[in-house]
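Novice: Okay, handing you the structure first.
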Amino acid sequence: MVIGLVIHASHRTVFEDAARTLAGVTLEWIVYEHENAVRGLVDGLLARQRVDGLLLGPVPYAKCRDLLPADLPVAILRSAGLDLSLALFKALSRGWRPTPVSIDTYDTQTVDEVARALELDRSQISCLPYDPEQSVAEIVAFHRAALARTGADYVISLRTAVAAQLQGGARVLGGLPGPATLRAQLHELALQVQSKQASALRFAAGIFLVGRAGPQLDLDRARVGLMNLLLNTPEFGDAWIENRGRRGVVVFAHQALFEQATNSWVSLPALGQAQETLGIRVAAGFGVGASARSCLHLAERAVARAEQEESPSAYLVEDGGVIIGPMSPAGAALAFTYREHGAELERLAAEVGLSAATLSRLSAIERALEGRAISPSDLAQQLGITDPSGRRLIRKLSESGLVEVEGSTQVHRKGRPARLYRLRIGAAGGAGPVPAPVEAAP
């Protein structure tokens, strides 16, 4: 397992200490002196080395977010309440008053919790949460204004560039994540990567069926042609392929192989190739389960659904209740992505005012994001709805506590920044899989 670490040069010693407890992990160090160098360094790492996961702070993440592959597990460093508490106690040990104080980058909730736990006057603490749009100059100005207003003995900053500019004019404590926080986040990322790798190695089956096109079609000849086409498809080079009935071919492989062949369950070019080169219509179904028998059963369900489509297509059915499709030969966007849902999700959907199918699809997107934030526009694209509808959906989810704000991003230099949100549907309890009718996207 290879994990990339994007860190400031001054933090390497702390990271090395935190990483000592990791076994079976190779660390690729990306060490920068200035924030503007992050993007080029990360781009170089991704070009020369395959990494299974990436750990970086919110500032480096904002600098290179668009470079990161969508399926790459990413952990964004967050200083915990423990780190802020230690910074406050360090001030006390130096004879400085714990408050008044100004703090940047920490979120308001963490500051509130620490102030309550340490019985500090929250009104004496000025907090400037992290925002990728804020410049170093703006953060420095915030601290200087707070110092002039309160006469504080010191400030707490997590930004190295801010601390450098304040040096000489103010006392600065770092408040950066300590070894315990870093160790926990490194271990969490390693477990996330292991889970992803284990999922990719799950056993899977695919069934390809030649469509019935009248008595003039020689099914045996069409099946042999389909078999040869799949045997000569590079993506299926490591798969086991054999005949299944008079008009079918079955393919056994790991889930990761099928994900590659279908562009992560979006399209299946082999369907188009069969139509263009062999003149036959093919339907495909994939099943992912705990055994060969269950994979075949799920693939049969999937291919039966694909045969109902008017054009060549494919579906995926997993033993956990996830159904994805139709996948087209041309790579069109998914029309369906949902999870068979139970009473708990039905109840939650009724409380929120959404259909259970929509909430189920949002839950599937949340699992695919693996903790990463998403903009309303990107969410709308994944759901196949308009941007205004995506924004309205985010507002409805926000009112019900099913999303939380996670900063913002600037897609275009002159455009307005877009807020990022973290989906929280799984935490609200919408995961129970029981059979439910298939519903199309709203």
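The values are calculated or read from the model by the stated rules, or taken from the named source; none is laboratory data. All values reported here derive from a predicted model rather than from experimental measurement. We place every Cβ from the backbone using ideal geometry, glycine too, and count neighbours over all the protein chains shown. Each accessible area value is taken on the protein alone, full model and side chains, heavy atoms only, with ligands, DNA and RNA left out. Shrake-Rupley method; radii C 1.70, N 1.55, O 1.52, S 1.80 Å.
Novice: Which of the residues belonging to region 165-194 are more than 27 Å from residue 54 (Cα to Cα), open to solvent by 60 Å² or more (accessible area, probe 1.4 Å) and out of contact with any Phe, Trp or Tyr (no Cβ under 9 Å at 6 or more places or on another chain)?
Specialist: Of everything in region 165-194, those that are more than 27 Å from residue 54 (Cα to Cα), open to solvent by 60 Å² or more (accessible area, probe 1.4 Å) and out of contact with any Phe, Trp or Tyr (no Cβ under 9 Å at 6 or more places or on another chain) turn out to be 165, 167, 168, 169.
Novice: Out of all the residues in region 298-317, which are buried (at least 16 other Cβ atoms within 10 Å of the Cβ) and of a type outside the set (D, E, K, R)?
Specialist: 298, 299, 302, 303, 306, 312, 313, 314, 315, 316, 317
Novice: Also: Among what's in region 274-313 and is assigned to a strand (DSSP E or B), among the hydrophobic types (A, V, I, L, M, F, W, C) and closer than 13 Å to residue 204 by Cβ, pick the residue that is modelled with the lowest pLDDT.
Specialist: First, pick out the residues of region 274-313 that are assigned to a strand (DSSP E or B): 282-288.
Pick out the ones that are also among the hydrophobic types (A, V, I, L, M, F, W, C) and you get 282-284, 286, 288.
Narrowing the set further to residues that are closer than 13 Å to residue 204 by Cβ leaves 284, 286, 288.
Working: 284: 95, 286: 95, 288: 90.
This residue is 288.
Novice: Please go through region 234-256 and give me each residue that is touching a residue at least 40 places away in the same chain (Cβ under 8 Å) and open to solvent by less than 60 Å² (accessible area, probe 1.4 Å), ordered by number.
Specialist: Within region 234-256, 248, 249, 250, 251, 252, 253, 255, 256 qualify.
Novice: Out of region 100-123, which residues are under 16 Å from residue 89 (Cα atoms) and touching a strand residue (DSSP E or B) at 6+ places or on another chain (Cβ under 8 Å)?
Specialist: 100, 101, 102, 103, 111, 115, listed by residue number.
Novice: Quick one: is residue 373 crowded, with 20+ Cβ neighbours inside 10 Å and touching a residue at least 60 places away in the same chain (Cβ under 8 Å)? Don't jump to the end; show me each part of the working.
Specialist: Values: crowded, with 20+ Cβ neighbours inside 10 Å: yes; touching a residue at least 60 places away in the same chain (Cβ under 8 Å): no.
The answer is no for residue 373.
Novice: Next question, about the same structure. If you check 324, 394, 385, 365, which single one turns out to be modelled with pLDDT of 80 or more, β-branched (Val, Ile, Thr) and not in a helix (DSSP H, G or I)? Before you say what the answer is, go through the steps one by one.
Specialist: Values: 394 fails: not in a helix (DSSP H, G or I); 385 fails: modelled with pLDDT of 80 or more; 365 fails: not in a helix (DSSP H, G or I).
Being modelled with pLDDT of 80 or more, β-branched (Val, Ile, Thr) and not in a helix (DSSP H, G or I) holds for just one of 324, 394, 385, 365, which is 324.
Novice: Could you please find all residues in region 397-416 being modelled with pLDDT under 75 and farther than 13 Å from residue 374 by Cα?
Specialist: 412, 413, 414, 415, 416
Novice: Now, a different point. Considering only region 106-155, state which residues are of a type in the set (Gly, Ala, Ser) and buried (at least 16 other Cβ atoms within 10 Å of the Cβ). Can you show your working first?
Specialist: Here is the first cut: in region 106-155, the residues of a type in the set (Gly, Ala, Ser) are 115, 117, 123, 126, 135, 137, 141, 145-146, 148, 151-152.
Answer for region 106-155, where residues must be of a type in the set (Gly, Ala, Ser) and buried (at least 16 other Cβ atoms within 10 Å of the Cβ): 115, 126, 146, 152.
Novice: Considering only region 166-273, give the helices (runs of 4 or more DSSP H) lying wholly within it that have at least 1 residues that are of a type in the set (D, E, K, R) and at pLDDT below 80. I'd like the intermediate steps shown before the answer.
Specialist: Details: elements: 179-200, 219-231, 255-261, 269-273.
Helices (runs of 4 or more DSSP H) meeting the threshold: 179-200.
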